[in-house]
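The values are calculated or read from the model by the stated rules, or taken from the named source; none is laboratory data. Predicted model, so just to flag it, every value in this text is computed and none were measured. Here the Cβ is made from the backbone with ideal geometry for all residues, glycine too, and neighbour counts use every protein chain on show.
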Amino acid sequence: LERTFLAIKPDGVQRGLVGEIIRRFETKGFTLVGLKLLIPSQELAEKHYAVHKERPFFKDLVSFITSGPIVAMVWEGDGVVASARKMIGATNPLNAEPGTIRGDFGINIGRNIIHGSDAIETAQNEISLWFSDAELANWEPTIKPWLVE
Ligand code: GTP
Ligand code: MG
């Protein structure tokens, strides 16, 4: 089954958006299989954003993501990687459509509230970077037949 890694960044936590964001993925019909709040270490943040290490904003990005608690999550469901990216919206909240998380709650690219894996393979790597197997629950919601034919 397809899984993705989502993380509510320190701005989303500070602004009290945790419940609202989790609610959106729950009511969409995806299944929460991993959840924890933590302040990421420098090492973890640098690994997570390794693809951006040559970019001019890398240092600020890592220092921001380690500046306070984030809510790390794994969500499961058919097409969850691409669907979550759509629900999150464009990287720059000013370009994100209303109805998306960044479109509804953000105004700045360096404060864009939430991270979502950009592809299935990235998702697998990020899930294993942030979670151990023991931290992930294999379960099936009893409402599943009402969500998926
Ligand atoms: P993530 O889900 O966080 O990975 O966002 P994304 O996939 O929409 O964007 P990308 O992976 O290209 O960039 C990662 C993060 O770096 C973004 O979410 C932004 O927080 C930050 N970022 C990207 N581009 C810029 C930029 O031009 N300036 C600044 N300050 N931050 C940027
Ligand atoms: Mg990205």
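Have a look at Asp78, Asp11 and point out the one that is among the acidic types (Asp, Glu) and surrounded by 16 or more Cβ atoms within 10 Å (Cβ to Cβ).
Answer to the selection: Asp11.
Kindly indicate the residue of the range 36-53 that is in a loop (DSSP other than H, G, I, E, B) and touching a Ser or Thr at 6+ places or on another chain (Cβ under 9 Å) and also surrounded by the fewest Cβ atoms within 10 Å (Cβ to Cβ) among those meeting that condition.
Only one residue tops the list, namely Ser41.
Write out, first by first residue and then by second, each pair whose Cβ atoms fall under 8 Å of each other, whose residues are 6+ apart or on separate chains, and whose first residue, in the range 40-59, is within 21 Å of Val13 (Cα to Cα) while the second is among the acidic types (Asp, Glu) and not in a loop (DSSP other than H, G, I, E, B).
His48/Glu126
Taking only the range 106-126 into account, find how many residues are of a type in the set (Asp, Glu) and more than 12 Å from ligand 2 (Cβ to nearest atom).
Selection size over the range 106-126: 1.
Among the candidates Thr91, Thr66, which residue alone is farther than 23 Å from Gly29 by Cα and within 12 Å of ligand 2 (Cβ to nearest atom)?
Thr91
Exactly one of (1) farther than 19 Å from Asp118 by Cα; (2) loosely packed, with under 13 Cβ neighbours inside 10 Å; (3) touching a helix residue (DSSP H, G or I) at 6+ places or on another chain (Cβ under 8 Å) is unmet by Pro56. Its number?
(3)
Restrict the check to the range 97-105 and report whether at least one residue is over 22 Å from Ile39 (Cα atoms), more than 16 Å from ligand 2 (Cβ to nearest atom) and in a loop (DSSP other than H, G, I, E, B).
Within the range 97-105, one or more residues are over 22 Å from Ile39 (Cα atoms), more than 16 Å from ligand 2 (Cβ to nearest atom) and in a loop (DSSP other than H, G, I, E, B).
In the range 1-41, what residues are farther than 18 Å from Thr91 by Cα, within 16 Å of ligand 1 (Cβ to nearest atom) and touching a helix residue (DSSP H, G or I) at 6+ places or on another chain (Cβ under 9 Å)?
Arg3, Arg15, Arg24, Phe25, Pro40
For the range 64-105, give me the residue count where each residue is aliphatic (A, V, I, L, M) and more than 10 Å from ligand 1 (Cβ to nearest atom).
Qualifying residue count for the region: 11.
Check Trp130, Trp139 and return the single one that is loosely packed, with under 11 Cβ neighbours inside 10 Å, modelled with pLDDT of 95 or more and more than 11 Å from ligand 1 (Cβ to nearest atom).
Just a single option satisfies the conditions, and that option is Trp139.
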